[in-house]
Amino acid sequence: TLLGTDHVYVIPGDKTKKPAKPGTIDVEVTLTPEEMEGLDDAGIKALYEEKVAEARRAANTREDFSSLVAENAAKQKRKAAAKQDPLKKQKTGKDFKF
């Protein structure tokens with residue numbers, strides 16, 4: 001075939017993705033060499049655990065969308081008012097005929 005193969009290979013014992021436990025959040029942690037400089041294994045492990053805890057706290061916090069909702073409501077209100085009163089349209093240069 002032109003686009004791919006018809007064969008599928010199953011590799012026994014290949015478990016690349018474990019099922020997640022309920023209530024757990026996967027987070028990515030980045031440790032820079034400057035942060036790890038001068039730390040032993042226990043210090044690196046403590047730094048890693050601190051970063052994971054910080055990332056999970058950040059992932060669990062809810063974002064405030066109230067300003068976006070208010071802007072959207074104001075926009076809808078403006079559009080509804082413009083639809084209601086088509087005679088109250090602002091005059092522009094296009095209204096004049098010469």
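The values are calculated or read from the model by the stated rules, or taken from the named source; none is laboratory data. Since we're looking at a predicted model, the values are computed, not measured. Every residue, glycine among them, receives a Cβ derived from its backbone with ideal geometry; neighbour counts consider all protein chains shown.
Quick notes on this one:
Matching residues to (1) surrounded by 10 or more Cβ atoms within 10 Å (Cβ to Cβ); (2) modelled with pLDDT of 90 or more; (3) not in a loop (DSSP other than H, G, I, E, B):
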{"residue": "Lys17", "(1), (2), (3)": "no, no, no"}
{"residue": "Ala20", "(1), (2), (3)": "no, no, no"}
{"residue": "Ala42", "(1), (2), (3)": "no, yes, yes"}
{"residue": "Ala55", "(1), (2), (3)": "yes, no, yes"}
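- Residues of region 31-40 satisfying the condition of being free of Cβ contacts under 8 Å to residues at least 12 places away in the same chain and part of a helix (DSSP H, G or I): Pro33, Glu34, Met36
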